[in-house]
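**Q** Pasting in a structure now, in structure tokens, and then I'll have a few things to ask.
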Amino acid sequence: MTRLNVPDMSCGHCKAAIEKTIRRLDASAEIAFDMEARRVEFTAAADLAQVLEALKAEGYPASVAG
């Protein structure tokens, strides 16, 4: 499972947009959200670089959580 920090994720709309973006790359992705920590955890067949680029293009720049 990959964990990302998404500092601009603050509401349900953000969550839906991020989920839609990841599912566009892998419809069967497993996704979990921690809205308070502004983190997304997911397992997907899509390449991590692809996911990061797609999220950035949607206005949600993300970084891998350490």
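The values are calculated or read from the model by the stated rules, or taken from the named source; none is laboratory data. The structure displayed is predicted, hence computed values, not measured ones. Reconstructed Cβ throughout: ideal geometry from the backbone, glycine too, with neighbour counts over all protein chains shown.
**Q** Is there any pair with a first residue in the stretch 34-49 that is without any contact (Cβ under 8 Å) to a residue 24 or more places away in the chain and a second that is surrounded by 14 or more Cβ atoms within 10 Å (Cβ to Cβ) and hydroxyl-bearing (Ser, Thr, Tyr) whose Cβ atoms are under 6 Å apart and which are 6 or more apart or on different chains, and what are they?
**A** Between residues of the stretch 34-49 that are without any contact (Cβ under 8 Å) to a residue 24 or more places away in the chain and residues that are surrounded by 14 or more Cβ atoms within 10 Å (Cβ to Cβ) and hydroxyl-bearing (Ser, Thr, Tyr), there is no close pair.
**Q** So, of the residues in the stretch 13-66 that are out of contact with any Ser or Thr (no Cβ under 6 Å at 6 or more places or on another chain) and among the acidic types (Asp, Glu), which turns out to be surrounded by the fewest Cβ atoms within 10 Å (Cβ to Cβ)?
**A** Applying the filter and picking the extreme gives 36.
The rows are residues; the columns are (1) among the small types (Gly, Ala, Ser); (2) in a helix (DSSP H, G or I); (3) modelled with pLDDT of 95 or more.
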residue: 13; (1), (2), (3): no, yes, yes
residue: 16; (1), (2), (3): yes, yes, yes
residue: 19; (1), (2), (3): no, yes, yes
residue: 22; (1), (2), (3): no, yes, yes
residue: 31; (1), (2), (3): no, no, yes
residue: 46; (1), (2), (3): yes, no, no
residue: 50; (1), (2), (3): no, yes, yes
residue: 66; (1), (2), (3): yes, no, no
